[in-house]
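Since the structure comes first, as structure tokens, the remarks are kept for the end.
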Amino acid sequence: MLFLLRKIRRKLLAQNKVTSYLFYAIGEILLVVIGILIAVQIDGWNDQRKVMTEEEGYLKRLIAENKQDIGNFSRLIEDLNVAMQSIDIFCATLNDKSASDSVILYTAQEYMNYGSIVPLFSSSRSTFDDLSNTGNLKVISNITLRDQIIHHYAEVLEVQKRMNINSDWALALDMAFINETYGMKYVPITAHLFPTKTKRQLANELRKNKFQYINNAAVGYWADTDALNLLNALKQKSNELIIQIENELNQD
């Protein structure tokens with residue numbers, strides 16, 4: 001193509017056709033400009049495809065991590081329900097004057113095994129942290145969705161902080177109480193380390209200090225209830241975010 005254009009140009013100059021040459025020169029310039037514009041447009045399309053591919057990858061990762069979070073939240077909710085049930089049964093047994101020594105000791109052991117355990121909150125944030133730290137949040141073209149993602153992870157962080165504060169408070173009180181009352185003697189795995197006592201003696205100690213035990217259990221129950229409400233709400237919002245992201249992907 002270039003060889004042909006040069007040949008035409010030389011021919012026009014040789015024939016002293018200045019006007020024709022000027023038209024030719026203008027046409028040649030226009031062809032160059034058009035070529036540049038096409039190249040720029042192609043580069044723009046390529047860049048846009050790269051951004052769209054990157055956005056799709058991030059959105060799919062966010063879906064996967066939120067599904068993982070929902071699984072983690074579900075397990076925490078299950079653990080909390082078990083803990084609260086053991087507290088309910090333990091306190092009800094202590095308040096039951098007809099409860100046998102064996103039943104009281106069994107419910108105390110169940111409470112020590114499950115009711116006094118504080119579940120640890122965890123969430124998957126690697127993709128969102130990547131988006132935030134690299135400035136790549138801008139690749140999410142839907143501004144409304146982008147704002148929803150930012151708000152969601154801010155809320156996850158607040159739930160984590162609140163649960164940790166409640167857990168630290170409840171755990172500190174619980175550990176102090178167990179230490180004061182030698183509560184580890186009711187835990188099967190450590191009971192043999194203490195001086196031998198009959199079931200009647202152990203059960204009577206629980207009966208005698210039932211208000212202290214109930215009050216201590218109530219602290220954990222309150223923290224568990226608050227965590228349960230937070231996690232159920234967060235689980236629902238994670239589901240909603242997944243649906244919104246999937247809708248965005250289906251539009252492309």
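What follows draws every value from the coordinates through simple rules; no lab data is involved. Computed from a predicted model, the values in this text were never measured in an experiment. Positions of Cβ are backbone-derived with ideal geometry, glycine not excepted, and every protein chain shown enters the neighbour counts.
Points to keep in mind about this one:
- FRET efficiency estimate (nearest 0.05) - Cβ-Cβ, Asp96 to Ala154, R0 51 angstrom: 0.65
- Extension gain, Arg207 to Arg75: 0.36 nm times the residue separation minus the Cα-Cα distance gives 44.2 nm.
- Alpha-carbon centroids, the stretch 197-252 and the stretch 144-159: separation in whole Å: 23 Å
- At R0 = 25 Å, FRET efficiency that the Cβ-Cβ distance of Glu56 and Asn239 yields, to 0.05: 0.75
- Out-of-range pairs (alpha-carbon distance over 19 Å; input Lys161/Lys235; Lys97/Lys210; Lys97/Lys197): Lys97/Lys197
- Simple label model, 7 Å out from Cα along Cβ direction - Ala64 to Asn229, nm: 3.6 nm
- Model label points for Ser141 and Leu171, set 7 angstrom from Cα along the Cα-to-Cβ axis, are 4.6 nm apart.
- Environment charge of Leu62, counting only residues whose C-beta is closer than 12 Å and scoring Lys/Arg +1, Asp/Glu -1: -3
- Dipole of the stretch 53-251, positive end: most advanced residue of Trp169, Ala217, Ser122 [Cβ charges, Cα centre]: Ala217
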